[in-house]
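Computed from the coordinates by the stated procedures, all read-outs in this text should not be read as laboratory data. Everything numeric here is computed off the predicted structure, so don't read it as measured data. Don't worry about glycine lacking a Cβ; one is built from the backbone with ideal geometry, like all the others, and counts go over all protein chains shown.
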Amino acid sequence: MHASANLPCPPMSTPPTRILFVCTGNICRSPMAEVLAKAFASVHGHEVEVQSASLIGLKDQPAHKHAVQVIAEKGLNLAHHQAQPLSGELMDWADHVLCMEVQQAVEMRKRFLEQEDRVELLGPYGGQMEIEDPLGGWRPRFRRCRDEIDACVSGFMDRLHSS
């Protein structure tokens, strides 16, 4: 018998959980959710991969200036964000797909029947149904939206890693 045959096998590492946040244009809510989730995971030692996407197909658009500013208030950076369109590849990639509004969830479930069980609302993880789009509002509206998303992301991540 070979001497190494009695050595224990190293534990199999589990792949990181893949989370996709989706909103209308991927310039306000979902990019904020993406960076907030990455920050939460980093602080709490959770193994996740996070992306965000646009339901209406925006591509290469920067995050809205107010989103960049209110995220910077938390010490995070959205300055280099580029919107990407929601695709079948992203839906296949994701373990969890979190959207901001009921209508978005309905549309996504229709468009991606094979992955419809992965689609859910982010809002209920923070005690609300939907997260209102701050687009067109001033910075205080974006700040409120950021704080709602932060609470929802924290609730989702806590539940994800307590099971």
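For this structure, a couple of remarks:
- Every test in (1) under 19 Å from Val35 (Cβ atoms); (2) touching a residue at least 40 places away in the same chain (Cβ under 8 Å); (3) of a type outside the set (D, E, K, R) is passed by Gly123 save one, and that test is (2).
- The criterion of being closer than 21 Å to Val43 by Cβ, in a helix (DSSP H, G or I) and in contact (Cβ under 8 Å) with a residue 60 or more places away in the chain holds for Asp150.
- Restricting attention to region 32-59, the residues that are touching a residue at least 24 places away in the same chain (Cβ under 8 Å) and at positive phi total 1.
A quick yes/no check of all residues on (1) of a type outside the set (A, V, I, L, M, F, W, C); (2) farther than 17 Å from Val153 by Cβ:
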{"residue": "Leu86", "(1), (2)": "no, yes"}
{"residue": "Ala94", "(1), (2)": "no, no"}
{"residue": "Gln103", "(1), (2)": "yes, yes"}
{"residue": "Leu113", "(1), (2)": "no, yes"}
{"residue": "Gly123", "(1), (2)": "yes, no"}
{"residue": "Trp138", "(1), (2)": "no, yes"}
{"residue": "Phe142", "(1), (2)": "no, no"}
